[in-house]
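Read through the structure below, which is laid out as structure tokens, and then see the notes.
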Amino acid sequence: ECRRRPWPGSCQPCPGHVSGEAPSKAWRYAAYAALAGAVGWWLVLAVRQVVEGGFYSDDFGIQWDWDSYGWWEAVETQTRVLGAKPILAFLLPSAYELLGEDPAGHQALAVVLSLAAVVFFFFVLRALRFEAKDALPMALLALLFPWVSSVRLWPTGSLNNFAVLLLFAGLLLALRTLPLKGARGLLLHLPATVLYVAAVLTYDATAGAAAA
């Protein structure tokens, strides 16, 4: 409390007194700078990935099936291999059908899918009533440190992000329809269930999250 009162009803700052507004602005600017730095660093990584990244491991086998037997035969082969992941079996050869054999296109797709997953994660956090100032840094952490590096750097592994996107889409839709009661609420919840099932059929690791 300030004790220097030259006249009634007035108050002059005491020596050494610091307004609370200045530190809050400093913290805000520091947070903005940190966010900008994180996004900038991710952009550097993304550009380098597209320019320098290549194919690895399973990429060559899927590409060979597609190139040798055609898209549909490659889909059937992946369906036999993956079993419980029919949507992923469809997506893997389809990436080569759409993007060809240039690894830059597949790495660019990996970048886009990783970014999309983080954007959806942000919206999920907001739907769960996190404030934007808290949800944004949490989402950016997922951008820089994904649950596993293969979903960002490996063309085959990056397609697993479709399962994450389907799961998040189902969760967003379920949260939106949660307050609705009766038959109308149940009917509107069905699309969320369809998205959950599609997520599991893309990558079965999402089954636990969907069940929760």
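Would you mind working out the magnitude of the charge dipole of the chain relative to its Cα centre, with +1 at each Lys and Arg C-beta and -1 at each Asp and Glu C-beta, to the nearest 20 Debye?
In total the dipole reaches around 1760 debye.
Mind listing the phi-derived Karplus ³J(HN,Hα) values for the range 102-107, rounded to whole Hz, using 6.51, -1.76 and 1.60 with θ = phi - 60°, and x for any glycine or proline?
Once rounded to whole Hz, the list reads 7, x, 4, x, 5, 5.
Can you tell me the length gained on complete extension of the stretch L141 to L43, counting 0.36 nm per residue apart and subtracting the Cα distance?
Stretched fully, the L141-L43 segment lengthens by 33.9 nm.
Nearest 500 deg cm²/dmol is fine: what mean residue ellipticity at 222 nm does the chain get from its DSSP H runs of n ≥ 4 alone, each adding -39,500 (n - 2.57), divided by its residue count?
-24500 deg cm²/dmol
Taking 0.36 nm per residue of sequence separation and subtracting the Cα-Cα distance, how much length would be gained by fully extending the chain between V197 and V81, in nm to one decimal? It would help to have the intermediate numbers written out before the result.
On the way: separation 116, 0.36 × 116 = 41.76 nm, distance 1.98 nm.
Answer, rounded to one decimal: 39.8 nm.
Report the one residue of W154, Q78, G182 whose Cα lies farthest in the direction of the positive end of the charge dipole of the chain (charges on C-beta: Lys and Arg +1, Asp and Glu -1; origin at the Cα centre).
Of the listed residues, the answer is G182.
Amide H neighbours of L178 under 5 Å, at least 5 residues apart or on other chains, H built in the peptide plane: list them.
none
Note down the Stokes-Einstein diffusion coefficient of the range 112-171 in µm²/s, whole number, using a Kirkwood radius over alpha carbon pairs, 37 °C, and 0.692 mPa s.
For the chosen part, D equals 283 µm²/s.
Taking only Cα atoms and a 10 Å spring cutoff, compute GNM fluctuations for the chain and point out the largest among P155, P179, P137.
P179
With a 1.4 Å probe and all protein chains left in place, how much of the accessible area of the range 119-212 comes from carbon and sulfur atoms, in whole percent?
Accessible surface attributable to carbon and sulfur in the range 119-212 totals 73 percent.
Of the residues G54, G182, G70, which exhibits the maximal mean-square fluctuation in a Gaussian network model of the chain defined by a 10 Å Cα contact cut-off?
Fluctuation is largest for G182.
Tell me which trypsin sites (Lys or Arg not before Pro) from the range 115-212 have a DSSP coil assignment and no more than 15 other beta carbons within 10 Å of their own.
Answer by residue number: R129, K181.
Angle between the Cα long axis of helix 132-144 and the longest principal axis of the chain, 0 to 90 degrees, nearest 10?
Its long axis makes an angle of about 40 degrees.
Tell me the per residue accessible area of the chain using a 1.4 Å probe; a whole number in Å² is fine.
Result: 61 Å² of accessible area for each residue.
Ignoring the sites themselves, what is the longest stretch of the chain with no GluC sites (Glu not before Pro) in a DSSP loop and at most 12 other beta-carbon atoms within 10 Å?
On the way: sites that count: E1, E101, E131.
My reading of the result: 2-100 is the longest stretch.
Give me a comma-separated list of calculated 3J(HN,Hα) values for the range 64-80, in order, Karplus coefficients 6.51, -1.76, 1.60 applied at θ = phi - 60°, integers in Hz, x for any Gly or Pro.
After applying 6.51 cos²θ - 1.76 cosθ + 1.60, I find 5, 4, 5, 6, 8, 10, x, 4, 5, 5, 5, 4, 5, 5, 5, 5, 5 Hz.
Across 10 Å bins from the origin, how do the percents of Cα pairs in the range 103-212 run, short distances first?
Values per bin, smallest distances first: 15, 40, 33, 10, 1, 0.
The values are calculated or read from the model by the stated rules, or taken from the named source; none is laboratory data. A quick note: this is a predicted structure, and the numbers were derived from the prediction, not measured. Glycine gets a Cβ as well: all are built from the backbone with ideal geometry, and neighbour counts include every protein chain shown. Heads up: the accessible areas ignore ligands, DNA and RNA and are worked out on the full protein's heavy atoms, side chains in. Shrake-Rupley method; radii C 1.70, N 1.55, O 1.52, S 1.80 Å.
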